[in-house]
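The values are calculated or read from the model by the stated rules, or taken from the named source; none is laboratory data. Only a predicted model underlies this, so the values are computations on that prediction, with no experimental measurement involved. Here Cβ is always computed from backbone atoms with ideal geometry, including for glycine, and neighbour counts include all displayed protein chains. What goes into the accessible areas is simple: the full protein's heavy atoms, side chains included, and nothing from ligands, DNA or RNA. Shrake-Rupley method; radii C 1.70, N 1.55, O 1.52, S 1.80 Å.
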Amino acid sequence: MPENHDIEAALKYHNATKHSYASVRTNPHFLDFANQPLPFKIYPTLEPLRLPDEMRQTGVAALSAIAESVPAQTNAAPDLSAITQLLYLSAGITRQRKYSGGEIYFRAAACTGALYEVELYLVCGELADLPAGVYHFAPAEFGLRKLRAGDYRSVLVEATGGEPAVAHAPLTVVCTCTYWRNAWKYQDRTYRHFGWDNGTLLANLLAVATAWGLPARVVCGFIDDTVNGLLDVDSQHEVAFSLVVLGHGSAIPLQSSADTSPLGLETVPLSRHEVDYPLMREIHAASSLRSTEEVPAWRGHTPPSSFPQPTGPVFQLRPLSDDEMPCDALEQVILRRGSSRKFARTPITLPQLSTILDRATRGVPADFLDPLGTQLNHLYLIIHAVEGLEPGAYFFDRDRREIECLKQGNFRDVAGYLGLEQQLPADAAVDIFFLADLRPILQRFGNRGYRAVQLEAGILGGKCYLAAYAQRLGATGLTFYDDDVTRFFSPNAEGKNAIFLVAIGNSVKRQSS
Ligand SMILES: Cc1cc2nc3c(=O)[nH]c(=O)nc-3n(C[C@H](O)[C@H](O)[C@H](O)COP(=O)(O)O)c2cc1C
């Protein structure tokens, strides 16, 4: 089995799961609706503990909550009311819609295919109105199922090699991803979706934490087997992908012998049968960490990105002033969000675009982003209709807070093609592509850097969604033709890989029938 530092595994997975004009035409895959997976993980033998219905509003402006974070050492612990909000506004059911084949339960954060492969678990000490334990969040019942009673946080301290935030965390949320629930539609490419869909969810979760005054930190460095064992997930089907530390308190006492023996709990099968895609399990195994020595060496020290001197015209970001900045509350904005299904070909303004870029890229507190404010993904734009800017291809220099025009032109048709021949990226006002130079990232973080780069793109994309909806614009995540994207932005993007795409513009409202 390749080890984390044998980075050919990540490159192999990435190359094997690229979309191209030819690959989508030669793929015989079809959606087997008779075998569609359940959208929920159900433990039939455990009664859920209902979460409170009433929602406390923080009233904090979404555009502040997505841009800021609470200093790491701020003493704070979430109570049940805060936990309820954190769960509801990141993974709760916020809308439902009937269709000919059944009903779709839409969640607070965008997710590829509305398949919702990310599950949330809580690992907490004694909290106000919530006893210490390990819990699974059940969005369908809006409740928690207790998997283990007692304080198991020391298991996470051990699994993360004593990560300082985890070692002081009143609560850690563990995000897992379930292969089949997403692979039913997206096959092998699902492992990329784990990062994207976990990331959009984390954009919401981090913003809600900030609004509640809770320090939060994303942790990707952990011993996989230990965390999966604590939750007792079957890692052939479901795997821990990220941890989010919430709050800060006194150091967790280390227990030498927390009993994490298997629980043997029954869960309802997702489908009549599942199709295996071994490539995903291979990249997961190859990006796993296995020893307590490996983890502390893994985190921190993000490789620096240096951007070449601009050669084209540059434009400073011009975010809205404080007076002009919409202050719609985070709760309202999350509930308002929904991926645009059609864009009007009407312009947005440069201050609107600048506000999105500025607020979404102020830094993510994560163990692979050190110091705070570093970033793995680079943002490239195709601008179709932004007042004050010529249509064309642009590069966003995050350090200088300016965008450089790489080439001018009307690229609506090209953008439609690059976004997997869909209308949405052709009609948007701007398409934001996330590209990353994978080699230095993998050289520093091993194959696990691949998880980090996908997750970061999902978080930044999720922040773009919220920044757009806070300004009453629309947004949607999109998939793309990998190498054609790099070619389009080259020579600037030479050697980089396409990671994520989000389109932004003015949504055309759905006609209600
Ligand atoms: C990473 C990502 C990629 C997506 N790709 C596409 C896409 O290629 N085409 C599309 O129409 N919608 C796409 N979507 C939108 C999802 O279909 C949408 O999020 C999902 O149906 C849930 O609906 P909601 O976002 O309105 O809550 C994408 C969403 C995400 C997060």
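Using 0.36 nm per residue and subtracting the Cα-Cα separation, the extra length available between Met55 and Glu421 on full extension is 127.7 nm. Region 294-359 and region 369-403 have their alpha-carbon centroids 8 Å apart. Based on C-alpha pairs under 8 angstrom that are at least 6 apart in sequence, region 345-447 has a relative contact order of 27 percent. For the cross-link pairs Lys41/Lys98; Lys185/Lys407; Lys463/Lys509; Lys98/Lys509, the ones whose C-alpha atoms lie over 29 Å apart are Lys185/Lys407. In whole percent, what relative contact order does the chain give with Cα contacts below 8 Å and a gap of six or more residues? Over the chain, the number comes to 20 percent. Using R0 = 25 Å, the C-beta based FRET efficiency linking Lys407 and Glu3 works out to 0.05. Heavy atoms of the protein chains alone define the surface here; on that basis the chain has 38 Å² accessible area per residue at 1.4 Å probe size. Using the Cβ-Cβ distance between Glu266 and Asn35 with R0 set to 30 Å, the FRET efficiency works out to roughly 0.90.
Peptides 454-463, 159-168 ranked from most to least packed, by the mean per-residue count of other Cβ atoms within 10 Å: 454-463, 159-168. Taking label positions 7 Å along the Cα-Cβ direction at both His301 and Thr346, the computed distance is 5.3 nm, reported to one decimal.
In a simple Cβ point-charge model (Lys, Arg +1; Asp, Glu -1; nothing else charged), the chain has a dipole of about 1300 debye relative to its Cα centre.
Over the chain, one equal point on each Cα, no solvent: what is log10 I(q)/I(0) by the Debye formula at q = 0.05, 0.07, 0.08, 0.12 Å⁻¹? Values, matching the q order: -0.17, -0.34, -0.46, -1.10.
The calculated P(r) of region 38-176, using every Cα pair and 10 Å bins from 0, goes 10, 36, 37, 15, 2, 0 in percent. Could you give the distance between the Cα centres of region 177-199 and region 99-172, to the whole Å? Using only Cα atoms to place each centre, the spacing works out to 19 Å. Leaving out ligands, DNA and RNA, what percent of the accessible area of the chain is carbon and sulfur, probe 1.4 Å? Accessible surface attributable to carbon and sulfur in the chain totals 52 percent. This model, with +1 at the C-beta of Lys and Arg and -1 at the C-beta of Asp and Glu, gives region 451-513 a dipole about its Cα centre of some 420 debye. For the pair Asp225 and Leu80, label points projected 7 Å from Cα toward Cβ lie 3.8 nm apart.
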